[in-house]
1. Being touching a helix residue (DSSP H, G or I) at 6+ places or on another chain (Cβ under 8 Å) and among the β-branched types (V, I, T) narrows it down to one residue among I444, I503; which is it?
2. Would you mention how many residues in the stretch 69-127 are among the acidic types (D, E) and within 19 Å of the chain's Cα centre (by Cα)?
3. Free of Cβ contacts under 8 Å to residues at least 60 places away in the same chain and of a type in the set (S, T, N, Q): does that describe S381?
4. Here is a list of conditions, (1) in a strand (DSSP E or B); (2) in contact (Cβ under 8 Å) with a residue 60 or more places away in the chain; (3) touching a Lys or Arg at 6+ places or on another chain (Cβ under 6 Å), and L483 meets all of them except one; can you say which number that is?
5. Name the single residue that is farthest from I464 (Cα to Cα) among those in the stretch 255-293 being surrounded by fewer than 16 Cβ atoms within 10 Å (Cβ to Cβ) and among the aliphatic types (A, V, I, L, M).
6. Is there a residue being among the acidic types (D, E) and within 27 Å of the chain's Cα centre (by Cα) anywhere in the stretch 530-541?
7. If K453 satisfies every condition in (1) closer than 24 Å to M314 by Cβ; (2) under 22 Å from the mean Cα position of the chain (by Cα) but one, which is the exception?
8. How about the stretch 363-385: which of its residues are under 15 Å from H499 (Cα atoms) and of a type in the set (A, V, I, L, M, F, W, C)?
Amino acid sequence: MKNKIFRLFPLAGILLSLVACNDVIDIPATDRLDQNAIWSGSEAILDQYVIGLYGAVREKSTLKMNDSQFTDCMTDILKDADWTQSRRYNRKMFNYEPFNSDDASILSNWGDSYTRIRRFNEFLRDVKIYGDLYNTNFLKPRIAEVRYMRAMQYFYLIRVYGGVVLRDHYPGPEENDQPRLSEAESWQWVIDEIKACIPDLPVAWEASNFSRMTRVAAYGFLSRVALYAKQWDVVIEAADSCALLGAGLEPVYADIFANHFSKENLMVVDFQPTGLNHNADQLFRPAGDNANHGNKGFGVPITPTAEFADAFEMADGTPFSWAAYNANPAAWGNDPFSGREPRFYATILYNNEDWEGRKIEAYEGGADGIQKFWKSTTTPSATCTGYYFRKYITEGDHSWDAAGSNHFDIMLRYGEVLLNKAEALAQKDWAANQTAALKALNDIRARVSLPGKTASSLDDFMNILEHERIVELGGENFRFWDLRRWRKGVERLNNVSFHGVLIKKDDTAPGGFTYEVSDCDDTPSGLRVFMERYYCFALPSSELNNNAALGGVNNPGW
C-alpha cells in the first residue's frame, strides 16, 4: 500500500525520439511536442507523457536543494553554515538581504508553479479532445494523477502567499486578468480537488508502476492540506483512511530512512547516481569523510543546532540537560550523548561516535572539527554547531563517490499523518477528544519506547505536540511552516540567536573532552529577524503588473 515516485521508466518509440536529450522524468510541455504523437491512441506513449509530468513533484523534493526547499535552516533546529554561496538562508534570517515587496525571494514559487499548472491544464484540455481514443479504465487514473499533481502545486502556492489566482483550465488570452481567491477559498478548492481524485486513483499499481500516486498517498496529503486549512474533520478522516489502506508506523525509526519500501513511506522520490541525483552527501557528511569518499570536496554543511540536539529526551523520557551531565559525568559514562532516545541516533552524528571505521572528531582541531560561522567571510567547510545531520546519508555508502548522491527523499510518511491527526483531534474539541489526541501522539512515542505524555489543557498539549513534531520530523522541513501556520514565527524566530556546542579535546576532562554551549550565529553582528508580514509573503510584482484584476493590491505589510 505504498506510493513510490520516480523510478526511471524507458520512453517508448516515437516519444523518445521527440524528447531526445530531455530529462525523461520531466518531459516538456505539449506545445513543444507533436500533439499527434502524444495523443496517437497509444497507451504506452501517453502513459510516458504522464510519467514525465511527475517532474513537478520531484522539483519539490527537499534533496533537490533548491533555494526554497531546506526551510528548516531558517529555524531553530538546523544551521546552514553558508553565507557567500547560493542558498542565502542566513542573509534572509539576519536581514542582510531582506524579503521585499517584489516577490518571496528564496521562497518564491509563483512562476514555476503556474508554469506547471499550465502543463497540467493542457493535458486536461487535450484529454477531452482525444480521450475517445483510449479505454476509460486506462484514462481515469491518469487524469486523477494529473489533477492531484496540480492540486499539489496550489498547496505550495497557498503555503507561501495565501490566496491564489485559480487557473483550473487552459486559459485563452482573454482570461489573463483573474482575481485572487481568499485563502480559505483556495484551501477549499485544493481539498475538494484531492477528494475528487481519490476514487480514481488505484489502491495499488501493478508492479511495473509501483512508483505512482495511490489513494493512500492522496489521503496522506489531504491530511496535510486540511491541517493548514484548519478543517479538523477532514484531517481526522483522511488519517483514518490512510490506516485503513495499510499505512502504518515502521517499527524501527531508523529504518524509515533506510528502506524506501517501508509501509510508513507514502510518497517517495527516488534518485540515481548519474543524471537524477543530488548533493546531500556533500552537504551533510562529516568533514573527515572526505578522504574516504574520493576527496571530491565537501560543500557547506547543514548541521543540527544545540537547540535541536538537546530536544531529544533520554531513553526513559526525562529531558536532556547539560547541567545534569556536568553534575555527574561518570553516571553518564563520561559521554553526554549516551542514553538518548532512538530518534537522536537516527538523526544526529555527534562527537566521538563510531562512524565508518573511525570516531567522529567534532572537537576543535579534529578531522570533523567545529569552525566558527562568520557573516560575510569565508564559509566553513565543517560543522559550525558541533553536530552533523544523519537522516539523508548512509554509513559506508560509496555509490555517490564518483557521481552524485542518490538517497531517496520521503515527501510524505505516516508518522506525519498521525501527528496531523493528533493536532486535529485536539483542536476540534479538546474536552471531548483529549484521550484520542494523546493516543495518536503517544503511538509515535511508543514506537521509540518512550513513555506516554499527559496534558492538562489544549495549550499544554500543543506544547507537547510542537516538541514531538521537532524530534519526529526534524530535518524534513516542517518546522518553518509549522511556526508560520501556528503564528509563532515572531515568538520563536525574531530577535534571537541559536547555538551549537564547542567541543575541545582535554585529556584531564571526563571522557577526554569539554563541552560548552556556544553561539553559532555570530550574534555580535546582529540577531535573527522574523516579521509579522512573513506569515504571507509578497506576490511577485510581475503578477501585480500583468493581472489587472488584482488591482495592484499586495499582501498586508508589503
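The values are calculated or read from the model by the stated rules, or taken from the named source; none is laboratory data. Everything quoted here is computed from the prediction, not taken from an experiment. A quick note on method: Cβ atoms are made from the backbone with ideal geometry, for glycine too, and the neighbour counts reach across all protein chains shown.
1. Only one candidate qualifies: I444.
2. 4
3. no
4. The failed condition is (1).
5. My answer is A291.
6. Checked against the condition, which is being among the acidic types (D, E) and within 27 Å of the chain's Cα centre (by Cα), the stretch 530-541 yields at least one hit.
7. Among (1) closer than 24 Å to M314 by Cβ; (2) under 22 Å from the mean Cα position of the chain (by Cα), the lone unmet condition for K453 is (2).
8. Result: I370, F373, W374, C384.
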